[in-house]
Amino acid sequence: MGIGIERIKGFLWRPAETFEASKEETLSDAYVYFFLLLVIFSVLLAVIVGIVLANPVAQSILGMAPDLELLKIITALSVTGIIIGGTVGVLIAGIWIHIWAYAFGGRNGLAQTIKVLLYAATPLLVIGWIPVIGTGIGAIWSLLLLLTGLMHLQGMYSGRAILALVATLLVPVIIIGVIAVVVVGPAMLTHI
């Protein structure tokens, strides 16, 4: 299916209709779409990072002298890291989301859940590289698309999709909180 501006606009402005149209697409179709957006995102983000690091004010705040070679290395590592991290991260996150989608009634398979995540990343990848506001707005918009996608590709009612999404986000927070209390709590008590 490719990337296409119309496809991007569909996920951004007509997500229900666009998710419905994507039901029969393969996981590899969705991955190609995601991967192309991820590459564009990583290059744009690296350019922004490069501009910031090349700025004398930023360099004085960071305590570093202008070094074009270091800037090139940082930029290349940023692009590579984002592409590798995004590729692996989306699969891990897709499995995690699917556990909760399945627990709350989503029975259309792991591939459909991963497709939801790949397509729901559209706003984050399109505007997430914009400093300050892009990431926040893109992340919230992507969460809303994730919810819409679960409803359409997993055939979940809105309440169940919301519960699956809440569990997806809340369970790791609870686990980290418990670990922090168990590990950090006793260490803090010894310093009192």
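Quick note: the coordinates plus some simple rules give every number you see, no bench work behind them. A quick note: this is a predicted structure, and the numbers were derived from the prediction, not measured. Note that we place each Cβ from the backbone using ideal geometry, even for glycine, and neighbour counts take in every protein chain shown.
Note on Rg and Dmax of the Cα atoms in Å: of the candidates (i) 19.7, 61; (ii) 17.6, 59; (iii) 20.6, 93, the value calculated from this structure sits at (i).
Listed by chain and number, the aspartates and glutamates placed with their C-alpha closer than 19 angstrom to that of LYS115 are GLU6, GLU17, GLU20, GLU24, GLU25, ASP29; residues fewer than eight positions away on the same chain are left out. Per residue, the chain reaches -26000 deg cm²/dmol at 222 nm when only DSSP H runs of four or more residues are counted, each adding -39500 (n - 2.57).
Each part gets one Cα centre, and for the stretch 157-175 versus the stretch 75-106 those centres are 16 Å apart.
Please report, ordered by residue number, every helix of the chain (full DSSP H runs) that is 18 Å or longer along its axis going by C-alpha atoms and whose mean Kyte-Doolittle hydropathy reaches 0.5. Passing helices, by number: 27-54, 68-103, 133-153, 158-179.
Residues TRP96, TRP129 in ascending order of nearby Cβ atoms (within 10 Å, fewest first): TRP96, TRP129. Computed over the chain, relative contact order equals 25 percent, with contacts defined as Cα pairs under 8 Å that lie 6+ residues apart. As a rough footprinting exposure proxy, the listed residues LEU125, LEU163 were ranked by other beta carbons within 10 Å of their own, and the order from fewest upward is LEU163, LEU125. Counting beta carbons within 10 Å around each of SER158, SER22 and listing the fewest first gives the order SER158, SER22.
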